Amino acid sequence: MKRKFLLFFVLALVGGYAFHLVAQTSSTASAAIHMTPAEFKWGPPPPGLPAGAQLAVLAGDPSKEGGEYTLRAKLPDGYKIAPHYHPVTENVTILSGTFYLGMGDKFDEKTASPF
């Protein structure tokens, strides 16, 4: 009788923990985003960036502090952005044009990587 009770107790404990994990995952997971390029809403870059680029926000909000976001970008050839930092995760895909990515306080095309 003790063995059955102990087995039932362990199974209930494990089952309860598994249920907790599933509930926690489903409440914090975000929904998948499915978009075709025709559905992108293109717009100009935010103030402080040079004119000429077109950006489409796929997820998140780049204007809010502290949140991740995902962008698609169309850049004219020779487009340059002054060195700056991002305190959050930024996911960007360059669809056209060339973008030079570098680290540091000064723009140096020789040490930057073209994308």
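Quick note: the coordinates plus some simple rules give every number you see, no bench work behind them. Everything numeric in this text was worked out from a predicted model, so none of it was measured. Ideal geometry is used to build each Cβ from the backbone, glycine not excepted, and the neighbour counts take in all protein chains shown.
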Quick note on 55, 101, ordering by fewest other C-beta atoms within 10 Å, gives 101, 55
Against the 2.2 N^0.38 Å rule of thumb, the C-alpha Rg of region 37-114 sits at a ratio of 1.10
